[in-house]
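Asker: The structure that follows is given in the form of structure tokens.
The values are calculated or read from the model by the stated rules, or taken from the named source; none is laboratory data. Since the model is a prediction, treat every value here as computed from it, not as a measurement. We place every Cβ from the backbone using ideal geometry, glycine too, and count neighbours over all the protein chains shown. Note: areas computed on protein heavy atoms with side chains; ligands, DNA, RNA excluded. Shrake-Rupley method; radii C 1.70, N 1.55, O 1.52, S 1.80 Å.
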Amino acid sequence: MKGREMLFETAVEKYWEDKSKRLRGNTLEGYASAINRHLMPAWEGREVEGITHDELQAWVDGFEMAGAAEKAFKTFRQIYRWVIRKAQL
């Protein structure tokens, strides 16, 4: 994975393969909900490395419900941090 660009959906797939072995069912359900409802519609087809802070902030600011924004952002952050560690960015 080192030094290669990665599509967001590929990052989600790899993250899921790794984390689904360690996380509880309820946690996985919450992540799956956020991924399917909020993250994939916003970021599918994008290179993870190309997502800018301003784009991410605008996405978070666009949520009408603060709870949904928080859940979606936390899930995005988990995936993003996982990619950074695995790709050694």
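Asker: Not counting the cut sites, what is the longest span of the chain without GluC sites (Glu not before Pro) that DSSP labels loop and that have at most 15 other Cβ atoms within 10 Å? Mind dumping the intermediate values first?
Answerer: Details: sites that count: Glu5, Glu44, Glu64.
Longest gap between qualifying sites, sites excluded: 6-43.
Asker: Working with all protein chains in place, sort Phe63, Phe73 by solvent-accessible area computed with a 1.4 Å probe, largest first. List each step's numbers first, then the result.
Answerer: Values: Phe63 45, Phe73 70 Å².
The ranking, largest first, comes out as Phe73, Phe63.
Asker: Turning to a different aspect of this structure: For q values of 0.11, 0.13, 0.22 Å⁻¹, compute log₁₀ I(q)/I(0) with the Debye formula on a Cα-only model of the chain, without solvent.
Answerer: Taking Cα atoms of the chain as identical point scatterers yields -0.29, -0.40, -1.15.
Asker: Counting only residues 5 or more places away or on other chains, whose amide H sits under 5 Å from the amide H of Met6 once H atoms are built in the peptide plane?
Answerer: Val48, Glu49
Asker: I want to check the label-to-label distance for Glu9 and Arg77. Put each point 7 Å from Cα in the C-beta direction and report it in nm to one decimal.
Answerer: 2.7
Asker: Please go through the chain and write out the trypsin sites (Lys or Arg not before Pro) that DSSP classes as loop and that have at most 10 other C-beta atoms within 10 Å. Don't skip to the end; give the middle numbers.
Answerer: On the way: sites: Lys2, Arg4, Lys14, Lys19, Lys21, Arg22, Arg24, Arg37, Arg46, Lys71, Lys74, Arg77, Arg81, Arg85, Lys86; in loops: Lys2, Arg4, Lys21, Arg22, Arg24, Arg46.
Of the trypsin sites (Lys or Arg not before Pro), the ones in loops of the chain whose Cβ has at most 10 other Cβ atoms within 10 Å are Lys2, Arg4, Lys21, Arg22, Arg24.
Asker: Return the calculated 222 nm mean residue ellipticity for the chain, to the nearest 500 deg cm²/dmol, obtained by summing -39500 (n - 2.57) across DSSP H runs with n ≥ 4 and dividing by the residue count. Each step should come with its number before you reach the end.
Answerer: Values: 5 runs with 57 residues, N = 89.
So the helix-based figure for the chain works out to -19500 deg cm²/dmol.
Asker: While we're here: Hey, can you list the DSSP H helices of the chain whose Cα span along the axis is 15 Å or longer and whose average Kyte-Doolittle score is at least -0.5? Walk me through the numbers before you get to the answer.
Answerer: Working: long enough: 8-19 (16 Å, -1.32); 66-87 (31 Å, -0.35).
Those that clear 15 Å and a mean of -0.5 are 66-87.
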